[in-house]
Amino acid sequence: MIVLRSPKGWTGPKEVDGLKTEGYWRSHQVPFSDMEKPEHVQLLEQWLQSYRPQELFDAKGRLQPALAALAPTLDRRMGANPHANGGVLLRDLRLPDFRDYAVAVATPGGTLAESTRTMGIFLCDVMRKNMDNFRVFGPDETASNRLGALFEVTDRSWMAERLDYDDHLAVDGRVMEILSEHACQGWLEGYLLSGRHGLFSCYEAFIHIVDSMFNQHAKWLKVCGQIPWRRPIASLNILLTSHVWRQDHNGFSHQDPGFIDHVVNKKADIIRIYLPPDANTLLYVTDRCLRSRNLVNVIVAGKQPEPQWLDMDAAINHATAGIGLWEWACNDQPGEPDIVLAAAGDVPTLEMLAAIAILRQLAPELKMRFINVVDLMTLQPQEEHPHGLSSEEFVSLFRSDTPILFAYHGYPWLIHRLTYRRSNHANLHVRGYKEEGTTTTPFDMVVLNTLDRFHLVMDVANQVPKLQPQAAHIKQRMRDKLNEHTQYIHAHGEDMPEIRDWKWPGTGL
């Protein structure tokens, strides 16, 4: 590496109009842009003449052959260095079979597991098999994000002083951990651009720190896709965990799911967003992302113990499609559903399923269809994103004139943005994060943002015409449950047992 340190605007005019320019902030602007002033034209001429162009170019303006010959040719050119075209050096990861890490699920919701801890065990063996070209990056949160299994095979990379009480620090460690999201993003980008593989895990709220860095990498990938000699590189994989809905001890400062909105602005060919609802779908998605090329993959998954819904075969089928019905949560056949209930994200999935269980008790005649979304971009039209559903597929799932209630992990207007061209958009109502938060219980977080099961049941009562005769009674029961919840958490500091211990199918209110 050669580092040149020079004054800002070096070789330019020392002063313009009596104001200091070289070595000063003015040289970063356009200090003598007004060419109506003869003195500015003179300054420009003096500056350009200082490079002695008569020695560099011939009479026709061509670079002197002797100077042109100084430039390296063929493989000696900087751009031809394989480290500057990392895809030339890229080797596929040696991946274990993600199915071997499956969480056993005998019945939907009958098992509790920490999804990212399961992912961490898988990543541990990915690391074990790829100690020369795979790293995990994170801002001092590898263990907090439940990826601590990695430390069974490697340590944190550490070049400085070590103290007796330090653990898992080593010069050859392959976990790059420092409390700087900027540094982690930069490290990972450099690692990928030089032909290796990696994953960046971060608290969801703080990934915004690298918004502009993500922007530039996504733009770079887009342009590289148009340059045939640019070889594909491993995708930039970002795991967002410790997410908005489970900040029981950190509170409002740690509650922001908006990075997804930022990512969606980039070119559809480049970005992918996954919200796996449980550990087995997360395993499939992780394997898929690690195999991909020239993408930015964003995975959002919780780290707390949560119900596990799908066995591995079902998870593979569901996550491969990216969206689909969960037949065991539907009761709309034969005939048409009275309402379509959808969810994207682990906590929204839990709350929507709990709402379905309540509605089965209070309104057994109600026909409900449940749809879960893993790949968020399936909601966009096929013409807008490679993973988007065709109009026919979307109508087949969501119907053309049926009320739709969607429980979403992030800010609700993103779902409207993705689906505004769909024929049934006028019937779509979305619940999500509404910038309401504090240090509180897990269930109270969803209550504050009206994403909880009781508010969802009231939404259904409002939206379905056949429920109108009993809607007032349903809503009154739900309001009573919300009041009971508030009183209980204020008295006990934790959620009600019926919330903490709820299992599918729900029995009783």
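Residues that are within 23 Å of Met445 (Cα to Cα) and over 17 Å from the mean Cα position of the chain (by Cα) number at least 3 in the following helices (runs of 4 or more DSSP H) confined to segment 323-423: 346-362. Note on segment 468-509: residues that are closer than 19 Å to Leu353 by Cα and not basic (Lys, Arg) total 17.
Buried (at least 24 other Cβ atoms within 10 Å of the Cβ), touching a residue at least 24 places away in the same chain (Cβ under 8 Å), touching a helix residue (DSSP H, G or I) at 6+ places or on another chain (Cβ under 7 Å) and of a type in the set (Gly, Ala, Ser): is that true of Ala363 in this structure? The answer is no for Ala363.
Selection of segment 59-97 for residues being farther than 24 Å from Asn294 by Cα and under 31 Å from the mean Cα position of the chain (by Cα) yields an empty set.
Scanning segment 86-108 for residues being exposed (fewer than 12 other Cβ atoms within 10 Å of the Cβ) and in a helix (DSSP H, G or I) gives a total of 1. The number of residues in segment 148-179 being among the small types (Gly, Ala, Ser), in a loop (DSSP other than H, G, I, E, B) and surrounded by 13 or more Cβ atoms within 10 Å (Cβ to Cβ) comes to 1.
Whether a residue is touching a helix residue (DSSP H, G or I) at 6+ places or on another chain (Cβ under 8 Å), outside the structural domain of Ser194 (by TED's automatic domain parsing), under 30 Å from Arg231 (Cβ atoms) and without any contact (Cβ under 8 Å) to a residue 12 or more places away in the chain was assessed, and Pro72 passes this test. In segment 156-170, the residues that are closer than 20 Å to Arg135 by Cβ and outside the structural domain of Glu141 (by TED's automatic domain parsing) never reach a residue that is among the polar types (S, T, N, Q) and surrounded by fewer than 10 Cβ atoms within 10 Å (Cβ to Cβ) with C-beta atoms less than 9 angstrom apart, at least six apart or across chains.
The values are calculated or read from the model by the stated rules, or taken from the named source; none is laboratory data. What you are looking at is a predicted structure, and each value in this text was computed from that prediction instead of being measured. Virtual Cβ from ideal backbone geometry, glycine too; neighbours counted across all protein chains shown.
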